[in-house]
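Undergrad: Handing you a structure now.
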Amino acid sequence: VEYGFLGITPRTARQLPPEIANQPTAALVGEVHDNSPAEAAGLRPGDLILAVDGKPVLTELDLMREVTLHAPETTARLTVVRGGGDRQ
C-alpha cells in the first residue's frame, strides 16, 4: 500500500510558541525534510497549515490523515499562513 507523503515533521500543540498556541485550527510545520514535496512547494518551519483541499486541519494528526489519503504523485492544495497572511 502506498500513501501520500508531504515531507514535514509537524509540531505538537505542547510545542507551539505562545503567540500561536491559541490558533483554533492549524498544524505547525516543525521541520521540512530535504528533497520532499513540502520543500518543493516552499513550505518552511513555522508555517501554519490550516486546510488540505479545503478541509480544515485541527491538529497535526488531521494534517497527516488528509495527506495520506492522497495517492502518491498527486497534488493537494494547502492553505498556509506565514507571517500573518494566508498563502495557498
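The values are calculated or read from the model by the stated rules, or taken from the named source; none is laboratory data. Computed from a predicted structure; not experimentally measured. Glycine also receives a Cβ, built like all others from the backbone with ideal geometry; neighbour counts cover every protein chain displayed.
Undergrad: If you scan segment 39-88, which residues turn out to be exposed (fewer than 11 other Cβ atoms within 10 Å of the Cβ) and either among the small types (Gly, Ala, Ser) or touching a helix residue (DSSP H, G or I) at 6+ places or on another chain (Cβ under 6 Å) (or both)?
TA: Those that are exposed (fewer than 11 other Cβ atoms within 10 Å of the Cβ) and either among the small types (Gly, Ala, Ser) or touching a helix residue (DSSP H, G or I) at 6+ places or on another chain (Cβ under 6 Å) (or both): ALA40, GLY54, ALA71, GLY83, GLY84, GLY85.
Undergrad: Residue check: is ALA26 buried (at least 17 other Cβ atoms within 10 Å of the Cβ) and modelled with pLDDT of 90 or more?
TA: Taking the combined requirement at face value, the residue does not satisfy it.
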